[in-house]
Every structure is written in C-alpha cells, then in structure tokens.
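S.K.: A single structure is presented below for examination.
The values are calculated or read from the model by the stated rules, or taken from the named source; none is laboratory data. Predicted model, so just to flag it, every value in this text is computed and none were measured. Virtual Cβ from ideal backbone geometry, glycine too; neighbours counted across all protein chains shown. To get the accessible areas, we keep the full protein, side chains included, count just its heavy atoms, and leave off ligands, DNA and RNA. Shrake-Rupley method; radii C 1.70, N 1.55, O 1.52, S 1.80 Å.
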Amino acid sequence: MRERRQRVLAYVSGCRGWVLGKHIARAFGVSLRTVQTDIARINAESGVVRIESNRRLGYRLCQPLADLPEHELARLEDLAGEGASYLLECQIIMVLLFADDWLGMEEIGKRLFTSRSSVAARLPRVKRIVPRTKGARLVSRPGYGIKLEADEAAARSLCMKILGTQFDPTLLVGIGEFDGLTRDVAQLERVLIGVLVKHSLRLTGAGVASLVACIAVAILRSCFGFCLPNKVVETQEPALITDIRKAIFSSIGYVLSSAECQQLEELLSGFGSIPTADAQVSFDSDMLMLADQFSDFLSAQLGSRVEMDEDIRTAFALHLKRLKNRLCTGMVWYGRKTGELFRSQVFAVHVLRIFLDHAFEERVPDAELGYLVPYVTELLEAYAEPIRVLMITENGAAESLRLQRVIRRMLSPAPTSVSCMTEAWLQELGSHVCEDYDIVVATDPRHALSIPEAILVSDRVSSDLSDELLQHLTHARERVHTSRRAEQARRYPVQTPPKSAALAIIKACAKNDNAAIVQALAGLCHVLPDDLSVEVLGEHDMCIVASTTLNHTFMYRICPALTFRGKHIERVWIVIYERGKDVYSLFSYVSELLQSYR
C-alpha cells in the first residue's frame, strides 16, 4: 500500500495541472474511494498538503502562489487587476469566448462543475476584466443569459491574455479535454525555433513564447469554427512567414490563413524581428501624431512647453507602433518587476498611464509602461532645478571654463548652473547677491575670507586639492538637497484624511474600481476622473495620483489593511496636484519620500 501511495504521488507530480480522481483510479486499477484515501494519507504523513484537491477539477501537486514564476504572477496581476485568485473568472471567460450563443449561469456552472451562485459571485470581476481588451464586452439579457461580444481579433487577443505562455489545460476545462495540448505546444515551439535559427533571428524566450501562443490560439479557435476575416494584402509575403507557414503545415497539418499570416507578421514586426529585406518596421503618421499629442499633454501637465527632439520623437513613435501591434495581438510583455521603477518615477508613470490607456482604449500592462518611462524622464530632466553656483574669479575665459567643467563634474549627477563674477562686479552689486546662489566658490583667498560660505578653488587643481574640493562640494550639494527637501516638506505636508473619507477610499481601492475611487476622493476635493491613476509600488505601497481644478496641492497617507491586485498594502499614498504649478518639484519630492519607505 505504501508503494502504491508513492506511485500515486509520482503520477500526480507528472501531470501538468489538475487530474481527475477517476483518471488516477483507472491508471492504478483501484476505486475512486481508494484514491481519496491514499491522497489523504500522503498529506497526513507529510505534515503539509502535498496534493491539493478541488471538487470540480480533481487533484494536483500543491504549488503555493508564492512559488509561481515571477513573470506568471505579474501576468495574472496585469490581466485581472485583482491579484492571482483568477482561476474561475478566467474559466468563465474562456467558456463565453468559445460559445456562439447566449449562456445562462446554470449552464456555465454545469460546464465548470460548480454552482450557479459561484458563477454569479464571480461575474462582477469578469465584467471588469473583459472590457480591458479593446473590442470586447460582456452583455447580459434577462431571459437569455450572458454573452461575450467581440470580433475575432479581440476574442483571440483576450484568449491569449488568459492563456499566457503556460497553456494550462485547467483554463479550458469548460470547453473540452485537451490532454495533449502541452505536448502540441512544445512541438510547435521546437518547429518555430528551427525556422528562426534558419533565418538567423535572435528572439528572446518571451518572444518565442508569444509567437507560439499566437499560433496555438489560432489553431484552437479554428477547431471551434472561429476564423479571422481575410484582408486584402498587396505586398509580398515575407520569406520568414512563408517558412513558418510551411513548417507548421508539415509538422502539425494546420494551414495558416492569410489573415493569420498577416497577424504573425505584425507580431514579429512589433518585436523588431523581421529582417529589413523582408519588411520595414515603420511607423505611420498616426503614431507620430500620437507622439506629438503626448508632448502637448505633458506640456499641459507641467504648465510649460515640452519639445521632443527628432530622435526622441521618432523612437517614441516607433515604440508606440510596436506596442499597438502587441496590444492588437494580445501578446504584450508581462513579468517585468516595475514596483521600484514606478516608485522612483511617479509622475512619468502617471502621465503615461492616463494618456496611453485613453489612446489605446485599454489598460497598458505595467511591464510595457515601464519600457516607455525613460522617454519621459529624458524630457523631464530639463525641468530639474539646477544647483546654482557662483564663481568669483579674476581668471581668463579659458581657465574659468576649465574650472566650470571641474565643478560640474564633481557635482554630477545633479544638474548644475555656474555663473562667473569678478571682484569689481561683486562690489558693484553688493555681497548680498551671493544669497541668490546655492554654492559660492572663489579662486582668490581674499574673496574666500571675506565671504564666509565661499569655497576656495585653486587655479591648478592637483590630485590632493581635487579630493579636498570634491569633499567640500559634496557636502555643499547635500546641504542644498537637504534644504530644498525641507522646504518641500513644509510646502507639501503629508496629511491624514478624515476617518470617513479614509474608509471610503479603502473600500473603493478594495474594489479596484477607478470610478469608485473618484467618488470616494470627492470627500477630500474635486478630482478629474480622466486624470486619475492607481499604481502598485513594490510589495506594500500603492499610490493614487489625480489632478484637481482647485488652487491647492494635497498629499495624504492612509495605513489600511487592504489587499490590492494580490498585494498586501500597508500604505496608500494620495497625491492631488494642480496642473501647471511646480509639478516637477512636487513629484521629485514625492518620489524621494516614497523611496524612503522601501
């Protein structure tokens, strides 16, 4: 009997995902009751639950949520926006995706081996997940039931978002049995890698997985009679796509349609993988226009004109084009840890979130947003307040320029502005002019003695003097930084909202509903719904950012017991700002404040 229990454990361990108890019983020639007894004893002898059970799905080797790969956890969080308790919701969506008519909740429950009440309890979350894919919506009608309305491209995009790159057959339990799906996907991956190697393409593991998922979903949908509408294509099919089509037909026996081949071409173009000889990865005027619109939007937020140089504008438009292709095919990037990046670049993430989500009419995953943050930080660097340095010197232009370069290098990475002034000019203006500068340096000992805060700089900076000067300038930079942060803390104090408003905000955050959050914030001030973003920062923080029409800036902190997108939140930060008024200075302080709570 002990040997049989060991073989049962090995059998369940070798199964990917859930396996029904009757299948285990059939494999060992015993009754279902014997299987249940053996599994109960295995768990009792181990002292922990080694095999978990589910009334609908059967048994599987226990894998705690914390043991899932990080990229898979991130995918689930981005998809559901509710954390990783996603299984039944995703199964309901898959049932609706492969149904060609209305379905009642009882019928859905029957297909998923669960009750009508369990389906009804999950529907609110399903209704929030489905519209996050452009072109998909959930419709309910009394007397008919529920229906997921989407064109075929949107349906495949949503299907790929749910299945990801793992293709867990558990997600398809309400559609049919797909025991060989994992094997077929593995074979498809080997075939595609062979084609990519032949064309000398270096695609990342995530890129290959995305390509495999796109083709696997196309095959899966075609098995149920769902086909992409064909498009008229005037250009010649790239050689890479032709070889992929032939390889799939020879190994699996599936013929890719012209629309599916075009979808693959768009996906590979989005990854930048199609050689220049076959297809140009180009961006159209719409993406350039979108980049210009973002520049205008950022200018309105900052209150001053933001100009993109041609290189940044072109690169940003190209990235937006590839992002659009990935969103259309459903194979966007997931799994990148963005919490610390978002914590240090709160404003950049905020403007990208509210602009791109509106432009693409769906939520852009955090990983994709993270890749666009450097473009915004590059534009915002021009608005960083420099350290103002006054250099009192009688030296010539060449020596003064050399000393300016030395000072800028020693004060880096902080932006620095160095102004030169002669002794005669200083006497004419008065020594009080030094108060307008953060640091004062002098090349003459007489000036350094007459001005207490001045730092003496030698005309010839030797290695010893250079170390001493670096130490003085570093201390001066830290003093300036501390002084500015103290002033910002005085201007933007962190407050605690009234208890009623705090409770309303916590409840709204628990629902993960932006409309409810806007309504809860109304107890503090009027905010603009289109300018609100909610982001998770690391493991225990989340930040709500919104603009207001009032001539005030507010910062609040709430310490709730809240679960948001699968994270246990200990602090909720709320930043409500007035557009066009010291925005960069405010968010520089906010980012530093948030980083101190890591």
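S.K.: Restricting attention to the stretch 386-405, report how many residues are assigned to a helix (DSSP H, G or I) and touching a residue at least 60 places away in the same chain (Cβ under 8 Å).
M.R.: Residues flagged as assigned to a helix (DSSP H, G or I) and touching a residue at least 60 places away in the same chain (Cβ under 8 Å) within the stretch 386-405 amount to 1.
S.K.: Another question, then. Would you mind stating whether residue 538 is touching a Gly at 6+ places or on another chain (Cβ under 9 Å), touching a residue at least 12 places away in the same chain (Cβ under 8 Å) and under 28 Å from residue 386 (Cα atoms)?
M.R.: Here the answer is no, as residue 538 does not meet what is asked.
One line per residue, one yes/no per condition, for (1) assigned to a helix (DSSP H, G or I); (2) surrounded by 18 or more Cβ atoms within 10 Å (Cβ to Cβ); (3) not hydrophobic (A, V, I, L, M, F, W, C):
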| residue | (1), (2), (3) |
| --- | --- |
| 414 | no, no, no |
| 419 | no, no, yes |
| 433 | yes, no, no |
| 447 | yes, yes, yes |
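S.K.: Take the residues in the stretch 252-284 that are of a type in the set (Val, Ile, Thr) and at pLDDT below 65, then tell me which one is surrounded by the fewest Cβ atoms within 10 Å (Cβ to Cβ).
M.R.: Filtering the stretch 252-284 for residues that are of a type in the set (Val, Ile, Thr) and at pLDDT below 65, the one surrounded by the fewest Cβ atoms within 10 Å (Cβ to Cβ) comes out as 276.
S.K.: Ok, one more. Pick from the stretch 361-379 the residues that are out of contact with any helix residue (DSSP H, G or I) (no Cβ under 6 Å at 6 or more places or on another chain) and of a type outside the set (D, E, K, R): which of them is farthest from residue 425 (Cα to Cα)?
M.R.: 367
S.K.: Right, here's the next one. Six or more apart or on different chains, Cβ atoms under 8 Å: show the pairs whose first residue is in the stretch 485-509 and in contact (Cβ under 8 Å) with a residue 12 or more places away in the chain and whose second is loosely packed, with under 15 Cβ neighbours inside 10 Å and hydroxyl-bearing (Ser, Thr, Tyr).
M.R.: Close Cβ pairs satisfying both conditions: 502/496.
S.K.: All but one of (1) out of contact with any Lys or Arg (no Cβ under 7 Å at 6 or more places or on another chain); (2) at positive phi hold for residue 538; which doesn't?
M.R.: Evaluating residue 538 over (1) out of contact with any Lys or Arg (no Cβ under 7 Å at 6 or more places or on another chain); (2) at positive phi leaves (1) as the failure.
S.K.: Would you point out the residue of the stretch 165-207, among those that are part of a loop (DSSP other than H, G, I, E, B) and within 19 Å of residue 261 (Cα to Cα), that is modelled with the lowest pLDDT?
M.R.: At the first step, the residues of the stretch 165-207 found to be part of a loop (DSSP other than H, G, I, E, B) are 165-168, 173-180, 199-204.
Filter once more, keeping what is within 19 Å of residue 261 (Cα to Cα): 199, 201, 203.
Working: 199: 80, 201: 75, 203: 69.
Among those that are part of a loop (DSSP other than H, G, I, E, B) and within 19 Å of residue 261 (Cα to Cα), it is 203.
S.K.: List the number of the failed condition for residue 508; all other conditions in (1) more than 25 Å from the chain's Cα centre (by Cα); (2) in a helix (DSSP H, G or I) hold.
M.R.: The single condition residue 508 does not satisfy is (1).
S.K.: Related question: Of the residues in the stretch 146-159, how many are farther than 15 Å from residue 362 by Cα and in a helix (DSSP H, G or I)?
M.R.: 3
S.K.: Can you report the number of residues in the stretch 87-134 which are of a type in the set (Phe, Trp, Tyr) and either open to solvent by less than 50 Å² (accessible area, probe 1.4 Å) or on the phi < 0 side of the Ramachandran plot (or both)?
M.R.: The number of residues fulfilling the criteria is 2.
S.K.: Let me ask another. Looking at the stretch 208-238, which of the residues that are more than 15 Å from residue 256 (Cβ to Cβ) and modelled with pLDDT of 80 or more is least open to solvent (accessible area, probe 1.4 Å)?
M.R.: 225
S.K.: If you don't mind, another one. Taking the stated definitions as given, is residue 156 at pLDDT 80 or above, closer than 23 Å to residue 257 by Cα, of a type in the set (Lys, Arg) and buried (at least 19 other Cβ atoms within 10 Å of the Cβ)?
M.R.: It is true that residue 156 is at pLDDT 80 or above, closer than 23 Å to residue 257 by Cα, of a type in the set (Lys, Arg) and buried (at least 19 other Cβ atoms within 10 Å of the Cβ).
S.K.: Still on this structure, I have one more. Can you name every residue in the stretch 135-149 that is surrounded by 17 or more Cβ atoms within 10 Å (Cβ to Cβ) and touching a Lys or Arg at 6+ places or on another chain (Cβ under 7 Å)?
M.R.: 138
S.K.: Residue by residue through the stretch 549-591, note down the ones that are outside any strand (DSSP E or B), open to solvent by 30 Å² or more (accessible area, probe 1.4 Å) and more than 25 Å from residue 305 (Cα to Cα).
M.R.: 559, 561, 566, 570
S.K.: Here's a follow-up. For residues in the stretch 400-434 being charged (D, E, K, R) and modelled with pLDDT of 80 or more, which is farthest from residue 476 (Cα to Cα)?
M.R.: Ranking the qualifying residues of the stretch 400-434, first place goes to 402.
S.K.: Please list, ordered by first then second residue, the pairs with beta carbon atoms under 9 Å, 6 or more apart or interchain, first in the stretch 514-528 and under 20 Å from residue 362 (Cβ atoms), second open to solvent by less than 20 Å² (accessible area, probe 1.4 Å) and assigned to a helix (DSSP H, G or I).
M.R.: Once the first residue is under 20 Å from residue 362 (Cβ atoms) and sits in the stretch 514-528, its partners that are open to solvent by less than 20 Å² (accessible area, probe 1.4 Å) and assigned to a helix (DSSP H, G or I) give 514/508; 515/508; 516/508; 516/509; 517/505; 517/508; 517/509; 518/508.
S.K.: Under 9 Å between Cβ atoms, which residue pairs at least 6 apart in sequence (or on different chains) link something in the stretch 110-137 that is without any contact (Cβ under 8 Å) to a residue 60 or more places away in the chain with a partner that is aromatic (Phe, Trp, Tyr)?
M.R.: 125/86; 129/86
S.K.: Tell me whether the stretch 242-251 contains one or more residues that are surrounded by 13 or more Cβ atoms within 10 Å (Cβ to Cβ), modelled with pLDDT under 80 and within 26 Å of residue 186 (Cβ to Cβ).
M.R.: No, there is no match, as no residue in the stretch 242-251 is surrounded by 13 or more Cβ atoms within 10 Å (Cβ to Cβ), modelled with pLDDT under 80 and within 26 Å of residue 186 (Cβ to Cβ).
S.K.: Moving on. Across the stretch 354-376, what is the number of residues that are part of a helix (DSSP H, G or I) and open to solvent by 30 Å² or more (accessible area, probe 1.4 Å)?
M.R.: Start the filter on the stretch 354-376 by keeping residues that are part of a helix (DSSP H, G or I), which leaves 354-360, 366-376.
Okay, now just the ones that are also open to solvent by 30 Å² or more (accessible area, probe 1.4 Å), so 357-359, 371, 374-375.
Looking only at that region, the number is 6.
S.K.: Can you run down the residue pairs with Cβ atoms below 8 Å, 6 or more apart or on separate chains, where the first is in the stretch 337-350 and small (Gly, Ala, Ser) and the partner is part of a loop (DSSP other than H, G, I, E, B)?
M.R.: Pairs found: 339/538; 339/539.
S.K.: Could you please tell me which pairs satisfy a Cβ distance under 7 Å, a separation of 6+ or placement on different chains, a first residue in the stretch 21-38 that is open to solvent by 40 Å² or more (accessible area, probe 1.4 Å), and a second residue that is among the aromatic types (Phe, Trp, Tyr)?
M.R.: Hits for this filter: 27/11.
S.K.: With at pLDDT 70 or above and out of contact with any strand residue (DSSP E or B) (no Cβ under 9 Å at 6 or more places or on another chain) as the only criterion, which of 31, 53 stands out?
M.R.: From the options 31, 53, the qualifying one is 31.
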